[in-house]
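Beneath this line is the structure, given in structure tokens, with notes to follow.
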Amino acid sequence: MATLAQYADGYDLAARGGLKILLVNPIYGGSLPAAHHAARALRALGHQVIPFESERLAVAMDFGKEFIFNQSRRAFHAGITSLLSQAVELRARETRPDMILALAQAPLLPETMKRIEARGIPTAFWFVEDYRVLPYWRDSAPAASYFFGIQTDNFAAELARAGVTRYAYLPTCADPSVHRPTELTPAEREEFGSPLSFVGAGYYNRQIFFKGLTDFPFRIWGSDWPFPSPLVPFIQRGGARIDTETTVKIFNASAVNLNLHSSTTCDGVVPDGDFVNPRTFELAACGAFQLVDRRALLPELFDQGELETFGSLDEARERISRFLADPEARREVAGRGMARVLAEHTYEHRMAELVALMTGTFPHLAERVRQRADRRDEIMADLDRHPGLGDLLGTLPDQRWFTLNDALGTIVTGQGKLSRAEKLFLMLQNVEVLWEKIPE
């Protein structure tokens, strides 16, 4: 299993930006927001991101629910996945990215990844799922150029047995542009606030565990909770899905945020739980106080005092009571947790690590970063000789990558005379349009 320390030079290159990355989104599910956060982070690092928005076909996947038999439904879904996988390959041919990044449950079939890699385009696959629950990694991992996951020892051993030689541990994280402290109105605090809150789906272990907390002032937000149930009086909005913006408000409005990793088999805390879910980082990034169940990989991500943990219902009850009575302690713990996330556990940190391993493994990627960075520096250094061009490019954000479309976006037509540089860029746009119309 690779570590970032092996690719320190690659980390420096990742910070220089300059790669063109085709990012394949999942159709839906928990990995979809992660794909959007990853795209923002890669752009912030100076890379060009070409999104493949698989989620636009979510309605087609939903249509599969019309089939009565599971076999028919699976065949229909497989057909949609195959279609999207072919579309990814076509998009790669058109856009010629330097690399592809796919997140868990992205519609990218193993045979497609192999064909794309044969064209010199490596694929990074970030499996932000529990390998014990979703075993399709057995097909995806050997086909990916580099496979990233959120679990370590046991998973790494399983991957090695499957013949996977390029694997790295890349835990989940938070997006501080989304997950952040938020000022709430009194009405919002009334609507979303509670002494004790939970946001998430109604997995079996949560249904059982939360029955032991019903004597607290408790609000449960999220979908897939059973009706009828002793928890019904605590479930908000009739068990509707909660969007990200509302989730952040709930985090900020609640005194104690409960974070219990999901399980379909355990009655409560998962005894051998290892990976750390995104919620842990998102709550901390919001400056919210949380109680999270103990996980094997948690101590290397957070120190004692940066969040509070529990290992049983009795421990959870004791800590809920103690911290509800001590708001100052809650603020101190939440503040330390937020500082740790902002320093080490954002999507920019994770994407820099991923790109570092890719550029450290595939020399042609590293060379492209160097060449483009050098070329950009040459252009910017030469702008004094071309004042009109300098004025135009000087309006771009301070980024390490800019495209024709970036430059065109600074040109406001219909408001005065165009400069010579602006006319040249508009002419290049017309040439590009005509070029695309020429048959191969």
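Quick one: check the C-alpha center-to-center distance for region 251-282 versus region 313-340, whole angstrom.
15
From the Cα gyration tensor of region 299-378, with a ≥ b ≥ c the square roots of its eigenvalues, which class applies: rounded if a/c is under 1.5, or else prolate if a/b is larger than b/c, or else oblate?
In terms of gyration-tensor shape, prolate.
Calculate one ³J(HN,Hα) per residue across region 93-109 by plugging θ = phi - 60° into the Karplus curve 6.51 cos²θ - 1.76 cosθ + 1.60, and present them in order as whole Hz with x for glycine and proline.
So the Karplus estimates, Gly and Pro as x, are 5, 6, 8, 6, x, 6, 7, 10, 10, 10, 9, 3, 6, 5, x, 10, 6 Hz.
Once amide H atoms are placed 1.01 Å from N in the peptide plane, what residues at a sequence separation of 5 or more from Ser194, or on another chain, have their amide H within under 5 Å of its amide H?
Under 5 Å from the amide H of Ser194 lie the amide H atoms of Ser254, Ala255, each far enough along the sequence or on another chain.
Taking the Cβ of each residue in Glu190, Glu332 as the centre, tally the other Cβ atoms inside 10 Å and list the residues starting with the fewest.
Details: Glu190 10, Glu332 13.
The fewest-first ordering by Cβ neighbours comes to Glu190, Glu332.
What is the packing order of peptides 286-296, 271-281, 97-107, 133-143, taking the mean over residues of other C-beta atoms within 10 Å and listing the highest first?
My ranking of the peptides, most packed first, is 97-107, 286-296, 271-281, 133-143.
Straight-line reach from Lys249: which lysines fall under 25 Å, measuring Cα to Cα and dropping same-chain residues less than 8 apart?
Here the lysines satisfying the reach criterion relative to Lys249 are Lys211.
Could you work out, for region 63-118, what percent of all Cα-Cα pairs fall into each 5 Å distance bin, beginning at 0 Å and stopping at the bin that holds the largest distance?
4, 18, 24, 21, 13, 9, 7, 3, 0
For region 186-344, what ratio Rg/Rh do Cα atoms give with a Kirkwood hydrodynamic radius? Walk me through the intermediate numbers first.
Values: Rg = 14.6 Å, Rh = 15.7 Å.
Rg/Rh for region 186-344 comes to 0.93.
What distance in nm separates the two pseudo spin-label positions at Ile68 and Thr264, each 7 Å out from Cα along the beta-carbon direction?
Each label point is offset 7 Å from its Cα along the Cβ direction, giving 2.5 nm.
What's the local net charge at Thr112, with K and R +1, D and E -1, over the other residues with C-beta under 13 Å away?
Values: positive: Arg91, Arg93, Lys114, Arg115, Arg119; negative: Glu89, Glu111, Glu117, Asp139.
With Lys, Arg at +1 and Asp, Glu at -1, the net is +1.
Quick one: which residues, 5 or more positions from Phe127 or on another chain, have an amide H under 5 Å from its amide H? H modelled 1.01 Å from N in the peptide plane, none for Pro or chain starts.
For Phe127, whose amide H was placed from the backbone, the distant partners under 5 Å are Phe148, Gly149.
Take the alpha-carbon centre of region 51-90, take the same for region 159-209, and report the distance between them in whole Å.
Using only Cα atoms, the two centres lie 27 Å from each other.
Determine ³J(HN,Hα), in whole Hz, for all residues of region 362-370 in sequence, where each value follows from phi through the Karplus function 6.51 cos²θ - 1.76 cosθ + 1.60 and θ = phi - 60°; x replaces Gly and Pro.
Each residue's phi maps through the Karplus curve to give 10, x, 5, 5, 4, 5, 5, 4, 4 Hz.
Using each residue's phi in region 212-220, evaluate 6.51 cos²θ - 1.76 cosθ + 1.60 at θ = phi - 60° and report the 3J(HN,Hα) Karplus result to the nearest Hz, with x for Gly and Pro.
3J(HN,Hα) across region 212-220, in whole Hz: x, 10, 6, 8, 8, x, 10, 10, 10.
Skipping prolines and chain starts, which residues have an amide H placed within reach, meaning under 5 Å, of the one on Met99, given they are 5 or more residues away or on another chain?
Residues meeting the amide H criterion: Lys20, Leu22.
Hey, which lysines would be in cross-link range of Lys20, C-alpha to C-alpha under 25 Å, not counting anything within fewer than 8 residues on its own chain?
By straight Cα distance, Lys20 reaches Lys114, Lys437.
Under 17 Å Cα-Cα from Lys65, which lysines qualify once same-chain neighbours fewer than 8 residues away are excluded?
Within reach: none.
Every number here is computed from the coordinates shown, using simple stated rules; none is lab data. All values derive from a computational prediction rather than experimental measurement. Cβ atoms come from the backbone with ideal geometry, glycine included; neighbour counts cover every protein chain shown.
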